[in-house]
Amino acid sequence: MKKYIRIIATLALALVLGASNLQARDMIQIKGSDTLINLVQKLSEVYMEKNPGKYIAVTGGGSGTGIAALMNSQCDIADASRNMKPKEISRATSLGITPKRVVIAMDGLSVIVNGKNSVTKLTMDEIGKIFRGEVTNWSDIGGDNIPITLYGRQSNSGTFVFFRDVVLKGDYSARMKRMNGNSQIVEAVRHDKSGIGYVGVGYVKEATDLNVVSVAAHAGADYASPLNAEEVKSGKYPIARPLNQYINGTPTEAVRDFLLFEISSEGQEIVENAGFFPIPKEYEDLNKKSIGI
Amino acid sequence: MKIKEKLIHGLFLFNGLLVVFILIGIFSLLVFTAIPAFKEINIKEFLFSSNWNPTSYVKETYGIGAMLVSTIMVTAGALLLAVPIGIGAAAYLSDVASPKIREIVKPIIEILAGIPSVVIGFLGIVFVGPVISKTFGLPNGLNAVNGSILLGVMALPTIISLSEDALSSVSKTYSDASLALGATRWQTVIKVKIPAALSGVIAACMLGMGRAIGETMTVLMATGCAPAMPRSYLDSVRTMTSTIAIELGEVPYYTTHYYALFAVGLVLFIMTFCVNMTSDIILHKYQGKRV
Amino acid sequence: MNKKMITEQLGFWTLRLCVGLVGLILLLILFDIVSKGIGTISWRFLTQPPKNGMTEGGIFPAIVGTFFVTILTAVLAVPLGMGCAIYLNEYADDNIFTRIIRMSIRNLSGVPSIVYGLFGVVLFVQMMRIGTCLLASGLTLGLMTLPWTITASEEALKNVPQSYRDGALALGATKWQAIKTNVLPYSISGMLTGTILGLARAAGETAPILFTGAAFFLPFLPKSLFEQFMALPYHLYIMATQHHAIETVRPIAYATALVLIVLICSMNMFAVVLRYKLRKRKKE
C-alpha cells in the first residue's frame with residue numbers, strides 16, 4: 001500500500017515539476033465575442049497550421065468579457081461585435097490601456113423566425129417593439145394568433161448590446177430568454193413556431209427551417225436581407241455592423257503578424273467561408289493606422 | 001528524539017492553522033469584495049427589487065428579488081421530486097432490500113452522484129427540454145420545471161445515502177419492540193423507524209437542498225435564463241448562480257457591477273451556510289440523543 | 001390476505017418503485033449518452049486536437065488539461081487536507097476552538113462551486129496576479145476540495161480504535177511513532193478513498209474554472225502552469241451551447257460527455273475498490 005502511495009505521489013510531483021517551467025510560451029491570448037469566436041478560432045487554426053511555433057489561445061465569453069479582459073491586461077486581442085462605449089474607453093485610459101480598433105469583418109445581424117412563420121418582413125420599429133415587449137402577439141404584426149417567444153443573448157454579448165443600442169433604443173423585455181450562444185438561439189427558433197431571435201449572419205447561412213427576416217430602416221423604406229452581400233456592404237441593410245478586434249497600443253510582433261494575416265486576402269477568404277462579409281473599404285485606413293503599417 | 005517529535009507536532013499545527021486561515025480568508029475576501037457594492041446600491045432595493053439590469057440602456061438597477069425567487073422555486077421543485085423518492089429509496093435499502101440487492105443499488109447511487117453537473121445540464125438541453133416542451137405544449141423546454149427535474153436528480157444521491165445512514169443507525173431494539181407488539185414490517189418502517197430517524201432524514205434533505213441551491217452549470221444551461229420575475233413553473237428563470245456565471249466574465253474589475261456580483265455570491269454563501277448549519281445542528285442533536 | 005398485509009405489500013412496492021425510479025434515471029442518462037456518444041469515440045478522437053472549426057478531430061488537449069488540473073488540485077488538497085485531519089484528530093484537544101473549526105470545515109464543504117470561482121478570481125487571478133491559467137484553476141479547485149478531503153480523512157482516522165494508539169504509547173512510543181505505525185496504516189486507504197471521491201468531483205466541475213483558466217480553443221498541450229488549458233467539462237459546455245453549429249457537433253458533445261463520465265466513474269470505481277479492500281482487511 002505504502003509503496004503505491006509513494007509511487008503515485010512521486011509521479012504526481014514529477015508531472016507538476018515537469019510542467020512548471022515558469023516561462024509560459026509566447027502565446028497570443030484572444031478573448032471575447034461569441035459571434036466572432038468561431039471565426040477567430042478558424043483563423044487561428046489555419047494560422048497556426050501555417051506557422052508552426054506560433055501559439056494562440058482563443059476564449060469566448062462575450063464582447064464585454066473580452067473588453068474587460070483587455071482592460072484588466074488579461075488578453076492581447078479582445079474580440080468585440082460592437083464598438084467600445086465611451087465609458088469603457090475612458091475607464092481603459094485610466095487603467096493605462098490605449099485600446100486600438102481593427103475591423104476584421106462585416107456582419108449583417110439577422111433577425112430570425114421559424115420557417116413556418118408567415119411574417120418575413122419587419123421594420124426596425126416593429127422589431128424594437130417586439131423585443132421591448134410592447135408587441136406580444138404575432139397577430140399584431142400580420143402573423144398568426146400566437147404569443148411571441150423572444151430569444152436573445154446574455155448581457156455579456158456584444159450582439160445583445162449592439163442590437164439594443166441600434167434597434168431597441170431601450171431595454172429588452174425581461175421575459176426574453178437569454179441563451180448562452182448564437183447557435184442556441186438558432187436551434188431554439190428552428191423548433192419554436194412562435195420564436196424570434198437575433199444572431200450573426202454567419203450562423204444562419206446553412207440553417208434550415210428558418211426564415212431570415214428582411215428589414216426596412218423605417219416604414220415605407222425598402223426591405224433588405226442580410227443574406228445579400230451587396231445590401232449589407234452598401235448599408236441598405238440597416239443592422240449591419242463591423243466586427244472588431246481591440247488591441248492595447250502598438251501591437252507586439254506576434255500580434256501584428258496575426259492581425260496582418262486576418263486582414264490579408266487569405267484571411268478574408270476564411271471570413272467569407274464562415275458566413276460573414278469582408279472588410280469594407282472605409283475601414284482599411286483605420287486598420288492600417290491601428291496595426292501600424 | 002524530542003526535537004523531532006516537537007517538529008512534527010509543529011508541522012501539523014502549522015498545517016491546521018494554514019487550513020483555518022485559508023477558510024477564514026475565503027469568507028472575509030468575499031465579504032470585503034461585496035461590501036463596496038452597498039456604497040452605491042441601497043440595500044433594501046438590492047434585496048427586494050426584482051429588476052436586475054446592471055448594463056441597462058436606460059438605468060442600471062441591482063435588485064436580486066427575481067433571482068432569489070427563481071432560486072427558491074427551482075430548489076423547491078427539486079426537493080418536491082427528490083425528497084419522497086429519496087426517502088422511499090432509503091427506506092427500501094435499509095429495511096426491505098436483501099443485502100445482495102443493497103450491494104447492487106449502492107454503486108448505482110454512487111455513480112449517479114458522480115455524474116458532473118455539466119453533463120446533467122447537457123441532458124437538460126438535449127433530452128429533458130424537448131420532452132417538457134412536448135408534454136406541456138410549450139414552444140421551448142428551457143424553464144423552471146426543467147431545472148427542478150435536473151436538480152432533483154442531482155440531490156437524490158445525497159438524500160438517499162444520508163437518509164439510509166440515519167435509518168440504519170436506528171437502534172434495532174426499536175424495530176424489535178415494534179414487531180414484537182404485532183406491528184407489520186411496513187408499520188414498523190413508517191411509524192417507528194422513520195420517526196426515530198427523522199432528524200437524520202431532515203438533515204439529509206437539507207444537505208440535498210444546499211446542493212440544489214448552489215448548483216450552477218445545470219441551471220445555467222437548462223432554465224432559459226430570462227431575468228423576469230417568474231409567473232409559473234413553465235417560465236424561464238435565472239437563478240443567482242447562473243447570474244454570477246453569466247456576468248462575472250463581462251464585468252470590468254472594481255466597478256459597482258463587479259462588487260454587486262460578489263454581493264450576490266455572499267447572499268448565496270449565507271443561504272447555503274444557513275442550510276448546512278441547520279442540518280449540522282439537527283444531526284448533532286440527534287447523535288447526542290442516541291448516545 | 002388481510003388488510004394489513006395488503007397495505008404492507010402496497011407500501012413495499014411503493015418503496016421498490018422509488019428505487020426502481022432512481023435506477024431508471026441512471027439507466028436513462030447512461031443509455032442516452034453511451035448510445036449517442038460511443039459511435040464517435042475512436043483512437044483518433046482520444047488522441048487528436050479539435051480540427052476544422054472544432055467540427056472534426058478529437059478532444060486530446062481537453063483530456064490532458066483535465067488530467068493536469070486534477071493533479072494540481074490533488075497536490076494542494078491532499079497533503080494539506082490529510083495533515084489538517086491528522087492535526088485535528090490526533091494532536092488537537094477537543095475544545096470549543098476545534099469544534100468551531102470542524103463545524104466550519106463541514107459547512108464549507110457545502111459552499112457552492114461558483115462561490116469558489118468568485119474567490120479564485122479575486123485571490124489568484126487578481127490579487128496574486130497569476131492571471132487566468134492552469135495554476136489559478138488548480139488552486140481554486142484545490143481549495144474547493146480541501147474541506148472534503150479533511151472531512152473524509154478525519155472520518156477514516158476516527159475509525160481507528162483508540163486502543164491502537166494507547167497500545168503503542170504504553171510501549172513507550174512517541175506520539176508520532178504511534179501515529180506512524182499504528183494509526184496511519186489502518187486509516188490510509190480510508191483517507192485515500194474519500195480523497196479520490198473528492199478529486200473525481202473536482203475533475204467534473206466547470207463553474208470554478210470558467211473564469212480562472214479554461215480556454216475555448218487551444219489545440220496544443222499546456223507546457224507551463226501559467227498557460228491556459230482546455231478542460232473536458234468546459235469543452236462539453238461549449239459544444240452544447242456556444243459552438244457555431246451545435247446541432248452538427250452533437251455527436252462530439254455526446255462523446256465528450258461519455259469520456260468525462262468514464263473518467264470520473266473510473267476514479268470513483270478505484271476509490272470503491274480501495275474501500276472494499278480495506279473492509280476485507282479489517283475483517284481478517
_Test of understanding: among C:Ala257, C:Ala200, which residue is facing chain B (nearest Cβ under 8 Å), in contact (Cβ under 8 Å) with a residue 12 or more places away in the chain, part of a helix (DSSP H, G or I) and crowded, with 24+ Cβ neighbours inside 10 Å?_
C:Ala257
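Quick grid of which residues meet (1) within 14 Å of chain B (Cβ to nearest Cβ); (2) in a helix (DSSP H, G or I):
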{"position": "C:Leu192", "(1), (2)": "no, yes"}
{"position": "C:Thr195", "(1), (2)": "no, yes"}
{"position": "C:Pro222", "(1), (2)": "no, no"}
{"position": "C:Leu225", "(1), (2)": "no, no"}
{"position": "C:His243", "(1), (2)": "yes, no"}
_Which numbered condition C:Ala156 misses (of (1) assigned to a helix (DSSP H, G or I); (2) within 13 Å of chain B (Cβ to nearest Cβ); (3) aliphatic (A, V, I, L, M))_ = (2)
*If you go through segment A:233-242 one residue at a time, do you hit one that is assigned to a strand (DSSP E or B), among the hydrophobic types (A, V, I, L, M, F, W, C) and at pLDDT 90 or above?*
no
*Somewhere in segment B:38-50, is a residue hydroxyl-bearing (Ser, Thr, Tyr) and either within 16 Å of C:Leu146 (Cα to Cα) or within 13 Å of chain C (Cβ to nearest Cβ) (or both)?*
no
*Would you mind stating whether B:Ile26 is surrounded by fewer than 20 Cβ atoms within 10 Å (Cβ to Cβ) and facing chain C (nearest Cβ under 8 Å)?*
no
_Residue list for segment B:51-75, filter: touching a helix residue (DSSP H, G or I) at 6+ places or on another chain (Cβ under 6 Å), more than 14 Å from chain C (Cβ to nearest Cβ) and assigned to a helix (DSSP H, G or I)_ = B:Gly65, B:Met73
*Under the condition of being of a type in the set (A, V, I, L, M) and surrounded by fewer than 24 Cβ atoms within 10 Å (Cβ to Cβ), which residue from segment B:126-144 is farthest from C:Tyr237 (Cα to Cα)?*
B:Leu138
*Does A:Ala78 satisfy the criteria of being of a type in the set (Gly, Ala, Ser), touching a residue at least 24 places away in the same chain (Cβ under 8 Å) and under 16 Å from A:Val161 (Cβ atoms)?*
yes
*Subset of segment C:235-254 (residues that are surrounded by fewer than 19 Cβ atoms within 10 Å (Cβ to Cβ) and modelled with pLDDT under 85)*: C:Ala245, C:Glu247, C:Thr248
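To keep it simple, each residue is scored yes or no on (1) in contact with a strand residue (DSSP E or B) (Cβ under 7 Å, 6 or more places away or on another chain); (2) over 21 Å from B:Phe27 (Cβ atoms); (3) without any contact (Cβ under 8 Å) to a residue 12 or more places away in the chain; (4) within 13 Å of chain A (Cβ to nearest Cβ).
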residue	(1), (2), (3), (4)
B:Glu215	no, no, no, no
B:Val219	no, yes, no, yes
B:Ala228	no, yes, no, yes
B:Asp235	no, yes, no, yes
B:Ser242	no, yes, no, yes
B:Leu248	no, no, no, yes
B:Thr256	no, yes, no, yes
B:Leu266	no, no, no, no
B:Asp280	no, no, no, no
*Return yes when C:Gly190 is surrounded by fewer than 24 Cβ atoms within 10 Å (Cβ to Cβ) and without any contact (Cβ under 8 Å) to a residue 60 or more places away in the chain and no when it is not.*
no
*Out of the residues in segment C:95-139 that are in contact with a Ser or Thr (Cβ under 9 Å, 6 or more places away or on another chain) and over 29 Å from C:Val64 (Cα atoms), state the one that is surrounded by the most Cβ atoms within 10 Å (Cβ to Cβ).*
C:Ile105
*Kindly indicate whether C:Gly142 is in contact (Cβ under 8 Å) with a residue 24 or more places away in the chain and surrounded by 24 or more Cβ atoms within 10 Å (Cβ to Cβ).*
yes
*Scan segment A:73-103 for residues that are under 17 Å from B:Thr55 (Cβ atoms) and of a type outside the set (D, E, K, R) and jot them down.*
A:Ala78, A:Ala80, A:Ser81, A:Asn83, A:Met84, A:Pro86, A:Ile89, A:Ser90, A:Ala92
*Does at least one position in segment C:175-183 carry a residue that is within 14 Å of chain B (Cβ to nearest Cβ), surrounded by fewer than 20 Cβ atoms within 10 Å (Cβ to Cβ) and either charged (D, E, K, R) or under 23 Å from B:Val118 (Cα atoms) (or both)?*
yes
*Kindly establish whether C:Phe31 is modelled with pLDDT of 90 or more, within 12 Å of chain B (Cβ to nearest Cβ) and farther than 30 Å from C:Lys180 by Cβ.*
yes
*How many residues are of a type in the set (A, V, I, L, M) and touching a residue at least 40 places away in the same chain (Cβ under 8 Å) when one looks only at segment C:119-139?*
7
*asked:* Of the residues B:Ile159, B:Ile190, only one is in contact with a Cys (Cβ under 6 Å, 6 or more places away or on another chain), over 30 Å from A:Gly195 (Cα atoms) and assigned by TED's automatic domain parsing to the domain that holds B:Ala78; which?
replied: B:Ile159
*asked:* Under 7 Å between Cβ atoms, which residue pairs at least 6 apart in sequence (or on different chains) link something in segment B:99-110 that is more than 8 Å from chain C (Cβ to nearest Cβ) with a partner that is buried (at least 17 other Cβ atoms within 10 Å of the Cβ) and in a helix (DSSP H, G or I)?
replied: B:Arg102/B:Leu93
_segment A:200-227 - residue that is buried (at least 21 other Cβ atoms within 10 Å of the Cβ), farther than 22 Å from B:Gly224 by Cβ and within 19 Å of the chain's Cα centre (by Cα) and, of those, farthest from the other protein chains (Cβ to nearest Cβ)_ = A:Pro226
_Wholly within segment B:211-291, helices (runs of 4 or more DSSP H) carrying at least 3 residues that are surrounded by fewer than 23 Cβ atoms within 10 Å (Cβ to Cβ)_ = B:256-290
*Mind telling me which of the residues C:Phe12, C:Phe60 ends up being under 26 Å from C:Leu199 (Cβ atoms) and surrounded by fewer than 21 Cβ atoms within 10 Å (Cβ to Cβ)?*
C:Phe60
*When the residues of segment C:78-100 are filtered to those that are β-branched (Val, Ile, Thr) and in contact (Cβ under 8 Å) with a residue 12 or more places away in the chain, which remaining residue is farthest from the other protein chains (Cβ to nearest Cβ)?*
C:Val78
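The values are calculated or read from the model by the stated rules, or taken from the named source; none is laboratory data. Note that the structure is a prediction, hence the values are computed from the model and not measured. When we count neighbours, we look across all protein chains shown, and the Cβ atoms used for this are built from the backbone with ideal geometry, even at glycine.
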